[in-house]
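Student: Structure in structure tokens, see below.
What follows draws every value from the coordinates through simple rules; no lab data is involved. It should be emphasised that the depicted structure is a prediction, and the values quoted were computed from it without experimental measurement. Every residue, glycine among them, receives a Cβ derived from its backbone with ideal geometry; neighbour counts consider all protein chains shown.
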Amino acid sequence: MSVNVVTSVTAMVSPILDDLGLELYDMEFAGGVLKVTIDTPAGQEAGVDIDQISRVNRLLGRELDHNDVVPGRYTLEVSSPGLERNLRTPHHFQREVGKDVSIRLVAEHEGQRRFSGALVAATDATATVLVTDTAQSVEIPLSLIEKAKTVFVWESQPKPNSKEARAAKRSTSQKSVPSDHQTSDHQEVSAQ
């Protein structure tokens, strides 16, 4: 039953997302909860924002009310995949090539059940990870993966007013100082 719901809802949400320039990242229907995960197209720097999420929630909710494709009572949840994204389908892995990932397997593969490193390639059947500890590439069959997600790497910032912060500030301000031929003593005055 849930496969039919996911198929029907996918057909409904696709034109809405196309009109808004968004993509369907994932969808699940279990326990009376319909989870629709949306994102911006791959390669865009900015992710989906709260206004886009609420617009899709409103438009899809209206379509679901009119077409009655979800049996009984249900809850609609529209969200973004977030910074650390679950990877469940071959498309997810292919979309996230170049990012750091953490993978847990159902059984050992090459003597390990856990791998973390950079996802360097993905096909419909495998994911290739450049393992952080060994710097070796390991090709992992997707059928062995129990759980996988991207790992967001937080960059550390220097403490405010520390020696490093002052040096970074000086470096930034020196880059933004215009050269002599770009400066002008001319001031624009508007008369009304």
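Student: Tell me the mean residue ellipticity at 222 nm calculated for the chain from its helices only (DSSP H runs of n ≥ 4, each -39500 (n - 2.57), averaged over every residue, nearest 500).
Tutor: -9500 deg cm²/dmol
Student: Oh, and also: Please state the relative contact order of the chain as a whole percent: Cα pairs under 8 Å, 6+ residues apart?
Tutor: Value for the chain: 15 percent.
Student: With r defined as the distance between the Cβ atoms of residue 110 and residue 35 and R0 fixed at 22 Å, what FRET efficiency is calculated, to the nearest 0.05? Walk me through the intermediate numbers first.
Tutor: Numbers: r = 33 Å, r/R0 = 1.52.
Step by step, r from the Cβ atoms, then E = 0.05.
Student: State the Cα centre-to-centre distance between the range 145-162 and the range 48-92 in whole Å.
Tutor: What the calculation gives is 27 Å, centre to centre.
Student: Let me ask another. Working out 0.36 nm times the residue gap between residue 147 and residue 12, then minus their Cα-Cα distance, what length gain in nm do you get to one decimal?
Tutor: Taking residue 147 through residue 12 to full extension adds about 45.7 nm, to one decimal.
Student: For helix 50-67, what angle does its Cα long axis make with the longest principal axis of the chain, in degrees from 0 to 90 and rounded to 10?
Tutor: Value to nearest ten degrees: 30.
Student: With springs connecting C-alpha atoms under 10 Å apart, model the chain as a Gaussian network and identify which of 123, 134, 75 has the largest mean-square fluctuation.
Tutor: Comparing 123, 134, 75 in a Gaussian network model of the chain, the most mobile one is 134.
Student: When a/c reaches 1.5 or more, the comparison of a/b and b/c decides; with that in mind, is the range 90-150 rounded, prolate or oblate per its Cα gyration tensor?
Tutor: Oblate.
Student: Still on this structure, please answer the following. Taking the alpha-carbon centroid of each part, what is the distance from the range 98-113 to the range 116-138 in angstrom?
Tutor: 9
Student: If you don't mind, another one. Rank 153, 56, 13 by mean-square fluctuation in a GNM of the chain with C-alpha springs under 10 angstrom and give only the top-ranked residue.
Tutor: 153
Student: Read through the labelled values [x] 40, 36, 31; [y] 53, 27, 22; [z] 73, 60, 29 and report the label of the one computed as Cα extents along the principal axes in Å from the structure.
Tutor: Derived directly from the coordinates: [z].
Student: Gain in length, residue 139 to residue 124, computed as 0.36 nm per residue apart minus the alpha-carbon separation, to one decimal in nm?
Tutor: Numbers: separation 15, 0.36 × 15 = 5.40 nm, distance 1.23 nm.
Full extension of this stretch gives 4.2 nm more.
Student: Which three extents, in angstrom, do the Cα atoms of the range 2-79 have along their principal axes, listed largest first?
Tutor: 39, 20, 19
Student: Shifting gears a bit: Taking the chain as the reference, fit the longest principal axis to its C-alpha atoms, fit the long axis of helix 163-176 to the helix C-alpha atoms, and give the angle between the two in degrees, 0 to 90, nearest 10.
Tutor: The two axes meet at around 70 degrees.
Student: Along Cα→Cβ, 7 Å out, is where each label goes; now give me the distance between the ones at residue 155 and residue 132 in nm to one decimal.
Tutor: So the two model labels end up 1.8 nm from each other.
Student: Between residue 42 and residue 20, what length comes free when the chain is fully extended (0.36 nm per residue of separation minus the Cα-Cα distance, one decimal in nm)?
Tutor: Working: separation 22, 0.36 × 22 = 7.92 nm, distance 1.47 nm.
The residue 42-residue 20 span can extend by a further 6.5 nm.
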